[in-house]
Structure formats: C-alpha cells, structure tokens
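Before I ask anything, here is the structure I am working with.
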Amino acid sequence: MSGEFIQALQQLAKEKGIAESVLLDAIEAALISAYKRSFGSVQNVRVTVEPESGQFHVYARKTVVENVEDPRLEMSLGEAWAIDHRYETGDIVEVEVTPKDFGRIAAQTAKQVVVQRIREAERGIIFEEFSSRESDIVTGIVQRIEQKNVFIDLGKVEAVLGPQEQMPGEIYKHGDRLKTYIVEVKKTTKGPQILVSRTHPGLLKRLFELEVPEIHDGLVEIKSVAREPGSRSKIAVFSKDENVDSVGACVGPKGMRVQTVVNELKGEKVDIVKWSVDPVSFVASALSPAKVVLVDVNENDKIAKVVVPDYQLSLAIGKEGQNARLAAKLTGWKIDIKSETQAVSAGDWFESGQFIAVEEMQY
C-alpha cells in the first residue's frame with residue numbers, strides 16, 4: 001500500500017461518514033487473516049498499518065518462557081534478552097516477520113475490506129436514520145410491484161408496502177409519489193428493510209400534523225384516531241389554548257386543510273370532533289354529524305346509552321354501522337344507540353342520563 005491509498009481511504013471515510021480508525025482496524029484484522037491463510041502460519045501475529053505512509057508491518061507475538069516447547073509461540077529468556085535486557089519471563093515479545101512478497105496480497109485484501117466495511121457502514125447509517133423515523137411519514141416514488149408488494153424508492157433505500165397495508169381500491173403505478181407511514185425498520189443481512197403503511201391510523205395523524213400549524217406548535221393535540229382506510233375516519237382534537245378552536249384549526253380556511261388530507265387519502269372522508277374529558281360530551285361529539293339528545297354513561301363497564309332524534313337514527317348508526325363503530329373506537333366506549341321513540345318504549349332510557357344541548361353538537 002502507499003500514501004495514495006491512505007489519502008483515498010481518508011476521503012472515503014469523510015464522504016461516507018465513517019471513522020478512519022474503523023477502516024484501519026478492519027484492514028489490520030483482515031491482513032492478519034490473509035497472512036495466516038497465505039503463509040500457513042499458526043503464529044500469534046499483529047499487523048499494523050502506518051496511517052501516513054500506508055506501510056504495513058507484521059509482528060509475531062511470542063511469550064518469554066524458561067523452557068521453549070513451541071518456538072512459533074514461545075521464546076527463551078536468553079533470546080528475549082538479546083533484544084532487550086528488560087524482558088522477564090511471561091512478557092510478550094514482538095518480532096517483525098513481514099514477508100517480502102506480501103504487498104500484493106495486502107493491497108487486495110485491504111481493498112476488499114474497505115469496500116465491505118463501507119457497505120456495512122452505509123447500511124448501518126441508513127438503518128439508524130430510518131429506525132429513528134419509525135411512526136413518521138415518508139414520501140417516495142413507486143418503483144415496482146411484485147407479488148402484490150409495492151416497492152417504494154425513498155432515495156437511499158427501498159420501502160415495502162405490503163398487501164395488508166394498502167388502501168382498498170387504491171391503484172399504484174410506476175412513478176407515483178406516495179406518502180406512507182413507517183411501521184417498522186428491520187435490520188437484515190441485505191441491509192435495512194423498511195415496512196410502510198397506507199392504512200395505519202398514524203398516517204392520518206401525521207398528515208394533520210403536517211397540514212395544521214397549531215398541531216405542530218403544540219396548541220392543538222390529536223387525542224385519538226379511528227380509521228377504516230379508504231372509507232371514513234374520525235379524529236378527536238383538543239385545544240390547550242381556549243382562544244384556539246381545535247376543530248376549526250384542523251378544518252382550515254374554507255376547509256382547505258382537511259381537504260388536503262382527504263385528497264392525499266384518495267377521498268377518504270374525515271370527521272373532526274372535539275375531545276372532552278367528560279365522556280358524555282365526548283361520546284356525543286364522536287357521533288357527529290348526527291345530533292344527540294341524551295347520553296347515559298356507565299363508568300364501570302364503559303357503556304354509553306345514546307338517544308337521538310328519530311330522523312337521525314340512521315345517520316348516527318351510519319352505513320352498515322360505520323359511524324357508530326368509528327365513534328366507539330374513537331372514544332373507547334361501547335355505544336348503544338336508540339331513537340327517541342325506541343327510548344320511550346324502552347322505559348328506563350329517559351330516567352337517567354344527561355341531555356345534550358343542540359348547540360354543543362355544531363362541530
């Protein structure tokens with residue numbers, strides 16, 4: 001090796017963000033293996049590479065003993081004193097054994113090690129970068145589709161959008177730009193594997209964080225998300241500042257903010273409701289856009305009985321029970337809905353519970 005090799009090594013280390021010492025240590029370790037493999041040596045050896053000149057040296061390490069049994073590993077005290085009188089029994093003496101024809105093998109070995117270590121380091125850097133971004137949004141370009149898996153180019157690495165993580169009815173084509181949610185980053189022998197999703201509730205949350213400055217600034221908080229991908233979702237929001245309307249901030253001027261999110265999700269409807277520490281108010285809000293007359297909550301079983309006007313019953317339940325199902329997911333409460341007529345027939349529904357003023361539901 002030469003000084004030019006060391007200069008190239010330093011430049012590579014700087015460009016790839018790898019410590020030069022890491023590469024030199026790897027080269028030295030590889031040269032030890034190359035020396036033993038090429039010269040059939042069982043000696044305990046140490047290899048050094050001079051960081052300035054690129055010159056290397058091979059040293060045999062021998063233990064000073066009184067009676068030498070294996071001269072490849074041991075040295076008598078007299079032999080040691082011939083080198084330095086300060087050596088004592090048990091000391092390790094290093095004797096240079098650098099072969100004259102070892103240069104070509106050393107250069108080839110060093111090149112292989114550098115290439116391998118740089119590849120490993122790059123994989124490690126990419127893994128660290130993306131593992132720290134789990135539960136975050138990334139934007140990429142669809143590269144190819146294989147066995148229903150969509151491979152997305154994120155620049156430095158590909159992400160995999162599996163069949164279960166794809167939105168129903170969404171069609172992916174080569175060259176499409178997609179926002180996806182990083183579910184998991186795995187370390188594999190071929191480098192980091194990044195698993196992303198278009199169906200995860202976290203995607204909806206992150207999209208609103210991108211679009212709503214009040215959420216980014218911490219004035220408005222998304223308390224919970226309920227989602228049926230590709231169809232409809234609900235988010236519950238809360239304002240930490242009484243002067244900031246949490247729902248209005250998420251809707252945006254003329255509905256622009258929520259519409260941007262809807263467009264990204266290819267038309268998925270999004271209901272934004274006001275979160276409340278009071279379960280009665282929260283359950284009533286969660287059933288929006290339906291108007292609620294009365295809510296009776298059982299704190300122990302987390303069951304809420306809800307009464308709605310007769311003409312609002314189908315809206316409160318939703319198509320195939322979707323609105324009620326999403327409201328239950330959003331609040332964490334089991335919700336039982338009846339119309340006013342049904343509640344009167346049931347008898348005990350109006351005996352307890354809290355009536356809800358109509359203006360409370362205008363979100």
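Going by what's in this entry, would ILE32 be described as part of a helix (DSSP H, G or I) and under 30 Å from ARG206 (Cβ atoms)? Quick ask: steps written out before the conclusion?
On the way: part of a helix (DSSP H, G or I): yes; under 30 Å from ARG206 (Cβ atoms): no.
Spelling it out, it is not the case that ILE32 is part of a helix (DSSP H, G or I) and under 30 Å from ARG206 (Cβ atoms).
Looking only at segment 142-166, how many residues end up being surrounded by 11 or more Cβ atoms within 10 Å (Cβ to Cβ) and more than 20 Å from the chain's Cα centre (by Cα)?
Taking segment 142-166 and keeping what is surrounded by 11 or more Cβ atoms within 10 Å (Cβ to Cβ), we get 142-145, 149-154, 156-162, 165-166.
Those still in the list that are more than 20 Å from the chain's Cα centre (by Cα) too: 143-145.
The qualifying residues number 3.
I would also like to ask the following. When you look at LYS62, is it assigned by TED's automatic domain parsing to the domain that holds GLN112, assigned to a helix (DSSP H, G or I) and among the basic types (Lys, Arg), yes or no?
Judged against the criteria, LYS62 is not a match.
What are the pairs with Cβ atoms under 8 angstrom where one residue, in segment 147-168, is over 20 Å from PRO229 (Cα atoms) and the other, located anywhere, is at pLDDT below 90 and assigned to a strand (DSSP E or B)? Sequence gap at least six, or different chains.
Filtered contacts from segment 147-168: VAL157/GLY191; VAL157/PRO192.
If you go through segment 92-141 one residue at a time, how many are touching a helix residue (DSSP H, G or I) at 6+ places or on another chain (Cβ under 7 Å) and either surrounded by fewer than 17 Cβ atoms within 10 Å (Cβ to Cβ) or assigned to a helix (DSSP H, G or I) (or both)?
13
Identify all residues within segment 292-315 that are part of a loop (DSSP other than H, G, I, E, B), more than 18 Å from ASP278 (Cβ to Cβ) and either under 40 Å from the mean Cα position of the chain (by Cα) or in contact (Cβ under 8 Å) with a residue 40 or more places away in the chain (or both); write none if there are none.
Within segment 292-315, none qualify.
For segment 59-82, give me each residue that is free of Cβ contacts under 8 Å to residues at least 12 places away in the same chain and not charged (D, E, K, R).
ASN67, VAL68, PRO71, GLY78, TRP81, ALA82
Still on this structure: Scan segment 4-20 for residues that are under 22 Å from GLU129 (Cα atoms) and among the small types (Gly, Ala, Ser) and jot them down.
ALA13, GLY17, ALA19, listed by residue number.
Here are THR260, THR331: which of them is under 31 Å from the mean Cα position of the chain (by Cα), of a type in the set (S, T, N, Q) and not assigned by TED's automatic domain parsing to the domain that holds HIS216?
THR331 is the lone residue from the list that is under 31 Å from the mean Cα position of the chain (by Cα), of a type in the set (S, T, N, Q) and not assigned by TED's automatic domain parsing to the domain that holds HIS216.
Answer yes or no as to whether GLU120 is outside the structural domain of GLY17 (by TED's automatic domain parsing) and charged (D, E, K, R).
The answer is no for GLU120.
Table: residues versus (1) modelled with pLDDT of 90 or more; (2) part of a strand (DSSP E or B); (3) not assigned by TED's automatic domain parsing to the domain that holds GLU209.
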position: GLN143; (1), (2), (3): yes, yes, yes
position: VAL150; (1), (2), (3): yes, yes, yes
position: LYS156; (1), (2), (3): no, no, yes
position: ALA159; (1), (2), (3): yes, yes, yes
position: GLY169; (1), (2), (3): no, no, yes
position: LYS173; (1), (2), (3): yes, no, yes
position: LYS179; (1), (2), (3): yes, yes, yes
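Tell me, which residue of segment 35-59 that is in a helix (DSSP H, G or I) and not polar (S, T, N, Q) is surrounded by the fewest Cβ atoms within 10 Å (Cβ to Cβ)?
Here the residue is ARG37.
Which of the residues belonging to segment 220-246 are among the hydrophobic types (A, V, I, L, M, F, W, C) and modelled with pLDDT of 95 or more?
Passing the criteria: VAL220, ILE222, VAL225, ALA226, ILE235, ALA236, VAL237, PHE238.
The values are calculated or read from the model by the stated rules, or taken from the named source; none is laboratory data. Everything numeric here is computed off the predicted structure, so don't read it as measured data. Neighbour counts run over all protein chains shown; Cβ positions are idealised from the backbone, glycine included.
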